[in-house]
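Report on one structure; see the data block that follows.
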Amino acid sequence: MDDKERILNLIFKFFVESKDYNGIPLRSIGDELEIDYKVSIDLIIELVMDDLVSIQSSTNPHIIGFQHFQLEDQCHILQKAKSTTVTEHTMGDFTFYAENTEFPICLYPSPAYLCKHRDLAEFGTAVYSKKLALGVPQLRLFYFDIEVLDRYAGDPRYAFRFEDYAGDIYCKYDENDRPLVRDEDEIFLKSFGLGYDEMGQRLAVVPLTYLKRLTPEHQVYWSGKEYTGQGQVLREYYDNIILGEWTFRHSIFSGFIGEQNCLNELAEKIFGKKLFKVSYTKEDRPREFTLFFKPTRKNYLDFVLLLDKMVSDNINKDFFRGEVDLEELVPIEGGMVERRQKGTLRIFEDWMRKKCNGADDAIQEIFKVFKKVRKERQEPAHKITANDYDKNYDKKQKELICEAYESMMNLRMAFASHEDAKGFEVPGWLDPAKITPF
């Protein structure tokens, strides 16, 4: 067996036996096979040009990150590596050696070589594990119909989180640390994000490296929902999860909660009472207060119901006590009148008109949205409505939450103009320029 063959076998063996589809460091080749470092590089260059070996050179070359590079570029990097030196470091009784480069090199069997020689039997039906075993880059993004998430979002046996542009999924365990699901369903999806197809319809996005944590059964399920068109990932998800960079934009859902909390804090500061009974946070908010994944009538109406509960049902009537009438006289049969409780939106609107004299048009515009939500909630309660699937429900939800956010922000701005609100600071992240309807 010549040295080229020995090198190729070592690279292949290391990759196959690694736990996370890792590559072998360049300098390890010469050390393990007792070949001069520069001579080993010349032999590796030949293997690269024969499309038998592929290299990664980056701050983390131990995984195949985003792509396999052009053969000429790989050879150029290897030639430059001949001049890379090593420094000895000592820490107590330990001595270690480090290459003097920001971009170390690791070696992998090429995809072409893996396709011919990798035995995939051990992976069974694990579709995405097979792709990794064949050298597909670990950070390559795969797109799926958004409905793929419904299986987990609606199942209480799974912890399902989705906020702004990213989420995760994992199965729950009982008090004895046993999974609530059968073994085949015991999954952990570290991260998924938001993307769009060519028509602007939402897609789920997952880096390949996270798909391998799904069981084979669930990998098959996801592969059946894979989108084969040209998907586009949301920039915030890509920057944060893939590139590891900070992103400072927030979803319209987080923006709504932030504005509502500010309004509540202003009410306490100015009037000494809470306007809303419950204050939500970005971390502790209704699980369903996000975009729904399957555009159906039921999902849309469920969202309308939740939004109304967060606004109308959440208004604290005691906030207005002594300021405006909480009841009204309503004519009934026989010339009689009946005393009835006013709805919370009506009370709030009456109070705003009293406090903001001359701003009737602006107040009407603010409450028009909340009344629209209340009306859409009440209609299904009085009749049987058939469920249906229509992608327009996505658009309706987006329009509704955008309108509700704007009304809540306008209410907060009205309270902030009160003389006793002096010194109150709105969090910087609530800058409207940082709030996005995703």
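Derivation of every value follows stated rules applied to the coordinates shown; laboratory data play no part. None of these values were measured; they are calculated from a predicted model. Here the Cβ is made from the backbone with ideal geometry for all residues, glycine too, and neighbour counts use every protein chain on show.
Largest first and in whole Å, what are the equivalent-ellipsoid semi-axes of the range 14-135 based on the Cα gyration tensor, each being the root of 5 times an eigenvalue?
Equivalent-ellipsoid dimensions as semi-axes: 27, 18, 13 Å.
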Step by step: find N for the range 154-256, compute 2.2 N^0.38 Å, then divide the Cα radius of gyration by it. What's the final number? 1.18
Calculated P(r) tail over 29 Å for the chain, as whole % of Cα pairs: 61 percent
Cα axis of helix 252-271 to longest principal axis of the chain: angle in degrees, 0 to 90, nearest 10? 50 degrees
Between helix 344-355 and the chain: long-axis angle, C-alpha atoms, 0 to 90°, nearest 10: 70 degrees
Work out Dmax and Rg for the range 236-367 from the C-alpha atoms and quote the Rg first, both in angstrom. 19.4, 73
Dividing the alpha-carbon radius of gyration of the range 395-438 by 2.2 N^0.38 Å, where N counts its residues, gives 1.36
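For the pairs K269/K309; K225/K398; K131/K398; K269/K434, note any where the Cα-Cα span goes beyond 28 Å. Intermediate results must be reported in sequence, preceding the final value.
Values: K269/K309 24 Å; K225/K398 24 Å; K131/K398 36 Å; K269/K434 26 Å.
Violating the 28 Å limit, Cα to Cα: K131/K398.
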Can you find, among T436, V373, M336, the residue sitting farthest towards the positive end of the charge dipole of the range 335-438, where Lys and Arg contribute +1 and Asp and Glu -1 at Cβ? M336
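Kindly put R140, R118 in sequence by how many other C-beta atoms sit within 10 Å of each C-beta, fewest to most.
Working: R140 15, R118 19.
Final ranking by Cβ density, sparse to dense: R140, R118.
Placing +1 at every Lys and Arg Cβ and -1 at every Asp and Glu Cβ, with all other atoms neutral, what dipole size does the chain have around its Cα centre, in debye to the nearest 20?
Numbers: 60 positive and 75 negative charges, 355 e Å.
Once rounded to the nearest 20, the dipole reads 1700 debye.
For a quick check: sort L266, L180 by the number of other beta carbons within 10 angstrom, fewest at the front.
On the way: L266 23, L180 14.
Final ranking by Cβ density, sparse to dense: L180, L266.
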Using only the Cα atoms of the range 286-438, each taken as one equal point scatterer with no solvent, compute I(q) by the Debye sum, divide by I(0), and report log10 of the ratio at q = 0.13, 0.14, 0.17 Å⁻¹. -0.77, -0.87, -1.15
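Dividing the convex hull volume of the Cα atoms of the range 89-172 by its residue count, what figure in Å³ per residue is obtained? Each step should come with its number before you reach the end.
Values: hull volume 22.5 nm³, N = 84.
So the per-residue hull volume is 268 Å³.
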Over the Cα atoms, compute the radius of gyration (one decimal) and Dmax (the largest Cα-Cα distance, rounded to a whole number) for the range 343-432, in Å. 16.6, 51
Rounded to the nearest 20 Debye, what is the dipole magnitude of the range 1-109 about its Cα centre when Lys and Arg each give +1 and Asp and Glu each give -1 at the C-beta? 200 debye
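What FRET efficiency, computed as 1/(1 + (r/R0)^6) with R0 = 22 Å and r the Cβ-Cβ distance, is obtained for A121 and E217, rounded to the nearest 0.05? Could the numbers behind the result be given before it?
Values: r = 17 Å, r/R0 = 0.79.
Efficiency for this residue pair is about 0.80.
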Pairing the Cα long axis of helix 297-311 with the longest principal axis of the chain, what angle in degrees results, from 0 to 90 and rounded to the nearest 10? 60 degrees
Assertion target for L307, L47, ordered by fewest C-beta neighbours within 10 angstrom first, is L47, L307
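Mean separation of Cα pairs under 8 Å and 6+ residues apart, divided by the residue count of the chain: what relative contact order is that in percent?
Numbers: 641 pairs, mean separation 54.6, N = 438.
Relative contact order here is 12 percent.
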Per DSSP helix of 4 or more residues, -39500 (n - 2.57); summed, then divided by the residues of the chain. What does that give at 222 nm, rounded to the nearest 500? -12500 deg cm²/dmol
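How big is the equivalent ellipsoid of the range 81-122 along its three axes, where each semi-axis is √(5λ) from the Cα gyration tensor, reported in whole Å from largest to smallest?
Details: eigenvalues 244, 52, 8 Å².
Ellipsoid half-lengths, sorted descending, are 35, 16, 6 Å.
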On each of the three principal axes of the Cα atoms of the range 202-255, give max minus min coordinate, whole Å, ordered largest first. 36, 22, 21
